[in-house]
Each structure stands twice: as structure tokens, then as C-alpha cells.
Amino acid sequence: MKKGRVTIIDIARELRIAPSTVSRALKDHPALKKETKDAVRALAKKLDYQPNLLALNLLQKKSNTIGVIVPEITSHFFSAIITGIQDVIGDSEYNIMICLSNESYEEEAVIIKKLLKIQVDGVLVSPTSETKNFDHFRTLQKNDIPVVVFDRDCPGLEADKVLVDDYAGAFQAVEYLIKSGCTKIAHLGGPLNLSTTKHRLQGYLDALENADIPIREEYIEHVPGFSHDDGLKPAERLLKLGDLPDAIFAMNDNIAISAMHIARKMALKIPDDISIVGFDDEPHSSYFRPSLSTVWQPVYSLGMLSARIILHRLNDEVPQKNFRQEVFKPELVIRASSKECTSKINDKIEL
């Protein structure tokens with residue numbers, strides 16, 4: 001027999017029967033004799049025959065593949081989400097294809113076109129920080145490919161969504177800083193186009209307003225990205241103001257750690273001179289000195305629920321007309337980078 005991948009034709013030639021008979025035998029067709037089915041199965045096992053799922057999927061007009069589009073994969077945040085997705089999808093008939101948009105709308109649009117060409121069955125997506133137009137997601141839906149948006153919202157897009165209550169997390173973080181005695185609280189926000197940026201900014205603003213603390217525009221800086229480097233210059237601008245803030249609420253932990261780095265360079269004591277609170281509760285945040293106060297969000301659960309929703313869409317013969325919007329509640333984690341609250345509050349506050 002020839003070397004290489006074994007096919008149904010190879011088995012049929014070896015047993016001197018028709019390829020269609022081999023196919024039916026492997027499917028345990030009741031019309032075939034037991035002896036024929038046993039002979040086909042025995043030879044298939046001996047030759048390590050593997051069915052060509054690609055050809056089968058083409059016949060069935062499905063790929064058994066779910067596309068997962070994320071802005072990046074190096075952070076704990078998105079890697080934990082992907083792990084949650086894989087742990088659910090792995091028990092199903094579907095495979096996942098992970099695609100990186102690199103925070104680029106153009107790359108995201110190209111990925112969608114490629115996923116359409118290979119006929120993916122569904123798409124899970126966390127949009128880029130540049131994405132303002134959602135027509136490429138609507139194109140998927142027009143081709144009967146369900147879309148689940150997670151982490152970052154797409155306002156106006158009708159689709160299943162799995163999000164985190166960023167507003168509530170930000171409000172509680174700033175409220176805690178106020179209760180700890182801080183009155184000059186600055187904010188290091190994310191890229192302005194993102195829904196997460198807008199919601200966290202609004203939570204910050206409303207917490208100040210609720211406490212009758214004036215909002216100062218010079219205390220609000222927005223970072224261009226989410227890495228440590230992205231936070232250095234904006235943090236430096238805040239900490240070089242004539243009227244120094246006594247606290248900083250940062251868009252995420254990386255940016256908060258950048259602020260801690262600049263504060264140390266300027267010989268500021270944390271939290272005596274300035275309190276700093278982040279968002280995400282990255283695993284390394286508890287190992288810094290001082291350890292970082294932050295807002296924890298259930299990223300693994302976010303991935304799992306997103307995967308369950310897409311599987312429900314794919315396995316439901318009559319898809320629901322009403323889209324689901326699930327919102328997880330985050331938790332405030334108090335560590336050493338913020339002053340103790342003047343009122344009694346638990347170390348972990350559930351919103």
C-alpha cells in the first residue's frame with residue numbers, strides 16, 4: 001500500500017470492495033453484513049485510518065470551527081478568557097481558531113473576511129480599541145454566522161454580549177479612595193473609543209460628583225494603549241502638576257504600576273503621599289511592593305459563558321430572536337497601595 005495518509009479508497013482496494021461499502025461500514029450501516037463491517041474496521045484500525053473531516057464538513061456545509069478574535073494574547077486577561085472558552089468548546093464537536101487583531105480595526109476586518117471564506121460556524125470577538133464601525137460583524141450575521149461580543153461592547157450592534165460592569169467597578173474604587181480621605185483623585189483612562197474606557201471614566205466622575213468633589217480636567221489623562229510603557233508619560237504629567245493629586249485610579253493594573261514607578265522616581269511614598277488603584281487584578285499585582293489595590297473581574301467565567309452562548313446558538317435549530325446581554329459584577333480588592341478606609345469596609349468588597 002502507498003505511503004502517506006490512508007483513505008477510504010485504499011481500504012476498499014485492499015479488501016476488494018467498493019469505497020461506498022467502506023464508508024457505510026465505518027458508519028455501521030445496518031444493511032451490511034457483520035463480517036464486512038468487522039473486516040473494514042479491523043483494517044482501518046491496523047492502517048490508522050483517520051476520516052477526512054475537512055471533506056466531510058464541506059459536504060455538510062459547515063467547518064465545525066469557531067473563530068475567537070482578541071486584541072492581544074500576552075496579558076493574563078485575554079489568556080484567561082481564552083482558557084475559559086477552550087474549556088467549554090473542548091467538550092463539544094467544535095474547534096476554536098484564535099485570531100489576533102493587534103488592536104487594529106483593519107486587521108480585524110481582514111480576519112472577518114478570512115473567517116467568512118473558511119465558513120466558520122460562529123465568532124466570539126472582543127473588538128479593537130479602533131473599532132467604531134460594526135458592519136463587518138453584521139456581515140457575519142447576514143451569512144447566518146452568530147456573533148458573541150465579549151468584554152468590550154459594540155453600542156448599537158444587536159448581538160449576544162457578555163460584559164463586565166465597568167462603571168460599578170470604577171465607582172466603588174473611587175468611592176473607596178474618597179472614604180480613605182483622598183480629595184484630589186486623578187484618573188488614568190484608556191483609549192477614548194472603548195466602551196470600557198467610557199464606563200470607567202463615568203464611574204470615576206459620578207463618584208466624585210456624589211461626594212461633592214469638584215471635577216478637575218487636569219486630573220484626567222488618557223493613555224494610548226494598555227502596556228506599562230503607555231502609562232509612563234501620562235502618569236508623569238499628573239505627578240508633575242503643581243497641585244499634586246493624592247490618589248490615582250488607573251484604567252488597568254499595567255497603567256497603575258506605571259504610575260507607581262513614576263511615583264517612586266519622584267520620591268513619593270505609596271500610599272502615604274499618594275494612593276493608587278488599578279483594574280483587572282492581574283496575578284502579578286499582589287506581588288508588587290506595595291501590593292496593588294485593584295478591581296477584580298471574573299475573566300475566566302466571562303470566557304466560559306461566551307462559549308456556552310455561542311454553542312447554544314449553534315445547537316439550537318430555531319435560534320432565539322432575543323439576544324442575551326450578560327453583565328458580570330466585579331469586586332474591589334484592597335491591598336497596600338491605598339490608604340485604609342476611615343469607615344469599616346471589608347478587604348474585598350462585592351459590588
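The values are calculated or read from the model by the stated rules, or taken from the named source; none is laboratory data. Since we're looking at a predicted model, the values are computed, not measured. Cβ coordinates were reconstructed from backbone atoms using ideal geometry, including for glycine residues, and neighbour counts include every protein chain displayed. Note: accessible area is taken over every heavy atom of the protein model, side chains too, but ligands, DNA and RNA are not part of it. Shrake-Rupley method; radii C 1.70, N 1.55, O 1.52, S 1.80 Å.
Rounded to the nearest 10 square angstrom, Lys114 shows an accessible area of 130 square angstrom against a 1.4 Å probe. Under 5 Å between amide hydrogens, built in the peptide plane, is the criterion, and for Val164 it picks out Asp151, Phe328 among residues at least 5 positions away or on other chains.
Hydrodynamic radius of the chain by the Kirkwood approach over all distinct alpha-carbon pairs: 23.1 Å.
Normalising the average separation of contacting C-alpha pairs (under 8 angstrom, six or more residues apart) by the number of residues puts the relative contact order of the range 60-132 at 50 percent. Among Val22, Val123, Val88, the residue with the largest mean-square fluctuation in a Gaussian network model of the chain, with springs joining Cα atoms closer than 10 Å, is Val22. Rolling a 1.4 Å probe over the protein heavy atoms leaves Leu43 with an accessible area of roughly 20 Å². In this structure His261 has an accessible area near 90 Å², from a 1.4 Å probe over the protein heavy atoms. Structure remark: mean-square fluctuation, Gaussian network model of the chain, C-alpha springs under 10 Å; the largest value among Ser23, Ser180, Ser291 belongs to Ser23.
Sum -39500 (n - 2.57) across every DSSP H segment of at least 4 residues in the chain, then divide by the residue count to get the 222 nm mean residue ellipticity, nearest 500. Numbers along the way, then the final one.
Details: 12 runs with 144 residues, N = 351.
Rounded to the nearest 500, the figure is -12500 deg cm²/dmol.
Between Ser23 and Lys329, the modelled labels are 5.6 nm apart [label points 7 Å from Cα along Cα→Cβ].
For Gln141 and Asp272 in one chain, what is 0.36 nm times their gap in residues minus the Cα-Cα distance, to one decimal in nm?
Value of the extension gain: 41.9 nm.
Across the chain, Cα pairs under 8 Å and at least six residues apart give a relative contact order of 17 percent. Backbone geometry of the range 179-191 corresponds, through the Karplus equation with coefficients 6.51, -1.76 and 1.60 at θ = phi - 60°, to 3J(HN,Hα) couplings of 5, 7, x, 7, 10, 10, 9, 9, 9, 9, x, x, x Hz, x marking Gly and Pro.
Roughly how many nanometres apart are two label points built 7 Å out from the Cα toward the Cβ at Thr36 and Lys233? Result for the modelled spin labels: 7.5 nm. What translational diffusion coefficient, in µm²/s and rounded to a whole number, does the Stokes-Einstein relation yield for the range 105-194 at 25 °C and a viscosity of 0.890 mPa s, taking the hydrodynamic radius as the Kirkwood radius over Cα pairs? For the chosen part, D equals 160 µm²/s.
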